[in-house]
Number of protein chains: 2
Amino acid sequence: MAAPWSKACEAMERSIRARVPPMLTDLYQFTMAYAYWNSGRHNEPAVFELFFRENPFGGGFSLFSGVHDCLLFLRNFGFTEEDVEYLRSVLPPATNPAFFQFLRELDCSGVTLRAVPEATVVFARVPLMEVAGPLAVVQLLETSLLCLVNYASLVCSNAARFRLAAGPDRKLLELGLRRAQGPDGGLTASRYTHIGGFDMTSNVQAGFLFGIPVAGTMAHSYVTSFNSLEETLRPADGEKDPIDLISLTKGILGRLCELLGAEPAKIHEGELAAFLSYAIAYPGNFLPVIDSYSVNCSGLLNFCAVAMALSELGHRPRGVRLDSGDLCRQSVEVRRVFKLCAKHFSIPLFESLIIVGTNNISEQSMMELNKKENEINVVGVGTHLVTCTRQPSLGCVYKLVEVRGNPRMKFSEDPEKSTVPGKKAVYRLLDSEGHPLLDLLCLSEEPPPQAGQTLSCYPLGQEAHLAITPTQVTCLRQEVFSKGQITQPLCSDAECRDKVQRSIQNLDPRHKRLQDPEPYTVALSDKLHKLIAEIRRGTSAEGKFLLTN
Amino acid sequence: MAAPWSKACEAMERSIRARVPPMLTDLYQFTMAYAYWNSGRHNEPAVFELFFRENPFGGGFSLFSGVHDCLLFLRNFGFTEEDVEYLRSVLPPATNPAFFQFLRELDCSGVTLRAVPEATVVFARVPLMEVAGPLAVVQLLETSLLCLVNYASLVCSNAARFRLAAGPDRKLLELGLRRAQGPDGGLTASRYTHIGGFDMTSNVQAGFLFGIPVAGTMAHSYVTSFNSLEETLRPADGEKDPIDLISLTKGILGRLCELLGAEPAKIHEGELAAFLSYAIAYPGNFLPVIDSYSVNCSGLLNFCAVAMALSELGHRPRGVRLDSGDLCRQSVEVRRVFKLCAKHFSIPLFESLIIVGTNNISEQSMMELNKKENEINVVGVGTHLVTCTRQPSLGCVYKLVEVRGNPRMKFSEDPEKSTVPGKKAVYRLLDSEGHPLLDLLCLSEEPPPQAGQTLSCYPLGQEAHLAITPTQVTCLRQEVFSKGQITQPLCSDAECRDKVQRSIQNLDPRHKRLQDPEPYTVALSDKLHKLIAEIRRGTSAEGKFLLTN
């Protein structure tokens, strides 16, 4: 019984209130807010932009996620009396007391957020969010918004890459909770890896809150907790007589050993007991882990014997899990034995048993797995997926681009770190096949580019200008928050998940290949390019230097 | 006003209840619990151990953290009616309804936890926690306990390494919230990096909840939000007349340019306006970021001018922050100018200004910084610290070692992955200088080793046995939870932080060096070594194989 979407939204809003109070931010946001307030500038209209400078994992694209959480954060933004008292204790004693009254009354009613929709394919250096409002307020929002967007986008992008590496048909199971960076890291990972393309999670709370399908059967500890068949002799429900099942299974085991040339003396009794007790508990959900001792000498035989006994009794066993060693090689051998059993013992359902593989899977090993012969139907991924070992942080930044209608720009010795000034509109130009061709940043007052009309622009990081004729033009960002209200309905996670796959499908293969992708073009309009040049030359009013004489 | 410890504990307990419900676990814990229950084994006394197999970051030691959170989790463990209804919806329909009644009544009153105390120096393969209790219950705890311990220990160990790399005197500031793996990842990081050796955090909520000193002054956006000196002319309090300060500062700037041979035309007016307005707001806390445009041509001159004006007016400026480029080289130049000003303008406090460095600092760059000439007093560290880029997951595991008094062992093709069976006692043997010499794992029924008496043991990973005579013997684990109660007072974070530094100091330099440390010896008692050999040979009752004939 998955939670309905409205209930999930309520739970998420409660969770955001508890986990992301406006105090979850850097102290300097408050010291700056006070300095703005003290110089009477706190209500000046300002515009910040949120973006990242490089696509993660050496890739050619990313997925933008966490927008919904940001909206719930904005809607609930406000300081408690206790918060304000704490702030008073850490700011210098000379801080004007009226500032704390200002903080008490603060909310986001003056803030307007324009954002790329949740779960959209995006590219480096495109401003994904525009946060406009009173200078002191939009400054205060920086750290919390970055924190909500950075990891959600990173782990969603990571999941999308695992999905590309795995191919469209293999089922993917997320099981990283125990290795995640904290409990909430685990929950966030389960949610956004599902949106990014995973099918299931092992995380029960994620299933409970977000309606993600949950999966899992048994750990090695279950297997090793059994020592002998005597331990299966005490079913609580008393409906089935396990003694019969034991005799039946032992008989089958004998025939299996003959068929496969296996040694009965190497078969672990405890493992058989574990499988039997599990099969008694879940006759319709029998999928044990078969490598606690030895797959070939014990686990596979015990599985086949119990599964055959189950199917004789009219049940449908599901399959096996492999959790160590060479998963591909073992899966091929396991499948061979399944087919042999299906034929030899005339049990057709043995043809359709599933094989689950879990063993420290990385994007690299997922790609290798796809190249090698294997019979794995479901892959479980944990640590590398949820902690994003290859690049554990996305590096989103939040930069001031306009104050009181005047463009602002940060220079830097490193040109990559300079910002693009001004309040903007962002368009995605599509080619005749519907593939994204180029993202165009314009000043917000410029007329939008028109489909079928050639326009001139300056690709970022290049000197030359480019003439381009889009077949279609879409506006990349939407107004999603204004006057204290969320102004667009929140898509459900399921809708987001569908959108991810559709947008990735729509992406040119040159940009979506996992290794050495071709960079996607992000360009400035002529006007924007000219403004930057003026500011750099100091001929714009925005590049004012101080003449001390 | 830092929160008192008892208040912090209450907040932490609330936070654990909200963030770590018992549903934050893997589904297979429930499917196994049902299978145990169904075969009548759920109340069998069982013992699990929690440990990790390798010290993180290629190091020779780790810090064990997260125990307090585990205790609060255990004390609050219990399912709501809503939880149970969800579980009923995801388990197979044939699941016996009486099992859900069993879940409703479940708590940790039967669980005993023995653990290494919070914030202790520990080593790979030593069982850090022993969780004993009814089989189904202690199985259900696995994922949550791992999740609480894994990241806390990892990030605390990372902080301790940064502290070693930085040396004892440099102040360390954690500022990773915006890049952390989710909001809670950020909060956990702030707390455990403080325990691991950081002095301050930028995270206000962490200061509020845990009493960690908070720090921070301004971002580049503050500087670039100002365009001209007119923007400082509107102080809210009206007490000071900023026009005077502007004239005063401009006069000083002229003299500074002469002294340093700088060009007035390259000095940014907006930057000066930003510094002035900040100085007006915080005359006693003036520490601006000086590289928004150019340190040498603008930022340093503007800082010195405003700082000198402040000191003429009787205030004490604090220093500067450098946030890009070669921090060491720049800090040396900045210090030279400070000293020159101190002498030339007779302002002694310019001798004691502090320099804060922040620019994507890693453990590697911290070590390099320590080797090069530099004048940095405070280092701020973000991404690499909180996301542990070098190894973003610790890899703690939770293994069954005993059921109904019988030792259990998991074999593996990879000897490193085999478990050490049996309920144990763990001792730390110290040498005559008080350095930890060896951690000894014994069976719990063995008499403890005695100081001054030679004992024989088997170091893990080696074949040969070892004779050793400890000067002192300490029992490494304590009973911390029993009969539903926390049985030891929780140390405050401040006490834990002190303990970390003391324990690391006490560690032999061979084990604590950051690169190529000498492995610390962890050994098995003769009895334990013999038990493993027996189980492997199958002569112990625990290695039972199935004879099918």
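The values are calculated or read from the model by the stated rules, or taken from the named source; none is laboratory data. Keep in mind it's a predicted model, so treat the numbers as computed, not measured. Ideal geometry is used to build each Cβ from the backbone, glycine not excepted, and the neighbour counts take in all protein chains shown. In case anyone asks, the SASA skips ligands and DNA or RNA and just uses the protein heavy atoms, side chains included. Shrake-Rupley method; radii C 1.70, N 1.55, O 1.52, S 1.80 Å.
Report the local net charge at residue B:171: Lys and Arg +1, Asp and Glu -1, summed over other residues whose C-beta lies under 13 Å from its C-beta.
My count for the surroundings of residue B:171 gives +1.
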Legend entry - Average accessible surface area per residue within the protein assembly as shown, 1.4 Å rolling probe, Å²: 35
Inset, instruction - Compare the Cα positions of B:283, A:219, B:389 along the charge dipole of the protein assembly as shown (+1 at Cβ of Lys, Arg; -1 at Cβ of Asp, Glu; about the Cα centre) and return the one farthest towards the positive end. - result: B:389
Inset, instruction - Run the 1.4 Å probe and let me know the accessible area of residue A:19, rounded to the nearest 10 Å². - result: 50
Inset, instruction - Enumerate the lysines that residue B:372 could reach by cross-link, defined here as Cα to Cα under 21 Å, with residues fewer than 8 away along the same chain left out. - result: B:171, B:339
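Using a Förster radius of 60 Å, what is the FRET efficiency between residue A:94 and residue B:479 based on their Cβ-Cβ separation? Nearest 0.05, please. Walk me through the numbers before you get to the answer.
Working: r = 51 Å, r/R0 = 0.85.
It comes to 0.75.
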Legend entry - Carbon/sulfur fraction of accessible area - chain B, other protein chains in place, 1.4 Å, %: 50
Legend entry - Label point at residue B:527 placed 7 Å out along Cα→Cβ; residues across the range B:19-63 whose backbone nitrogen lies under 17 Å: none
Legend entry - Inter-copy label distances at residue B:530 (7 Å, Cα→Cβ; nm, one decimal): 9.2
Legend entry - Cα-based helix-to-principal-axis angle, A:5-19 vs chain A, degrees rounded to 10: 70
Legend entry - Proximal charge balance of residue A:389 [Cβ under 12 Å; K/R count +1, D/E count -1]: +2
Legend entry - At 7 Å out from Cα toward Cβ: residue A:346 inter-copy label distances (nm, ascending): 11.3
Inset, instruction - Starting from one equal scatterer on each C-alpha and no solvent at all, send me the Debye-based log10 I(q)/I(0) for the range A:217-358 at q = 0.11, 0.15, 0.17 Å⁻¹, two decimals. - result: -0.34, -0.65, -0.86
Legend entry - With all protein chains modelled, accessible area of residue B:532 [1.4 Å, Å²]: 20
Inset, instruction - Return the whole-Å distance between the Cα centroid of the range A:39-117 and the Cα centroid of the range B:272-311. - result: 25
Inset, instruction - Compute the long axis of helix B:526-537 from its Cα atoms, compare it with the longest principal axis of the Cα atoms of chain B, and write down the angle in degrees, 0 to 90, nearest 10. - result: 60
Inset, instruction - Could you work out the local net charge near residue B:79, counting Lys and Arg as +1, Asp and Glu as -1, over the other residues with Cβ closer than 14 Å to its Cβ? - result: -3
Legend entry - Directionally averaged shadow of chain B, computed from the convex hull of its alpha-carbon atoms, nm²: 31.5
Legend entry - Phi-based couplings in Hz for the range B:263-277 (Karplus 6.51, -1.76, 1.60; Gly and Pro marked x): 9, x, 5, 9, 7, 6, 5, x, 5, 4, 4, 4, 5, 5, 5
Legend entry - Per-residue mean of C-beta atoms belonging to partner chains within 10 Å, peptide B:68-78: 0
Legend entry - Proximal lysines to residue A:410, defined as alpha-carbon separation beneath 23 angstrom and excluding residues fewer than eight positions away on the same chain: A:399, A:423, A:424, A:527, A:530, A:544, B:266
Inset, instruction - Would you mind listing the distances between the residue B:416 label point and the same position in each other copy? Use 7 Å along Cα-to-C-beta, nm, one decimal, shortest first. - result: 3.3
Legend entry - Crossing angle, helix B:27-38 versus chain B [Cα axis fit, 0-90 degrees, rounded to tens]: 20
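Report, for chain A, the % of DSSP beta bridges that are antiparallel, rounded to 5.
Working: 44 of 63 bridges.
That works out to approximately 70 percent antiparallel.
Could you work out the Rg to Rh ratio of the protein assembly as shown, with Rh taken as the Kirkwood radius (inverse of the mean 1/r over all Cα pairs)? Please report the intermediate quantities before stating the final value.
Details: Rg = 31.5 Å, Rh = 31.4 Å.
We get a ratio of 1.00 for the protein assembly as shown.
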Legend entry - Summed buried accessible area for B+A [probe radius 1.4 Å, Å², rounded to 100]: 11200
Legend entry - Extension reserve of the residue B:332-residue B:109 stretch, reckoned as 0.36 nm per residue once the Cα distance is removed: 74.2 nm
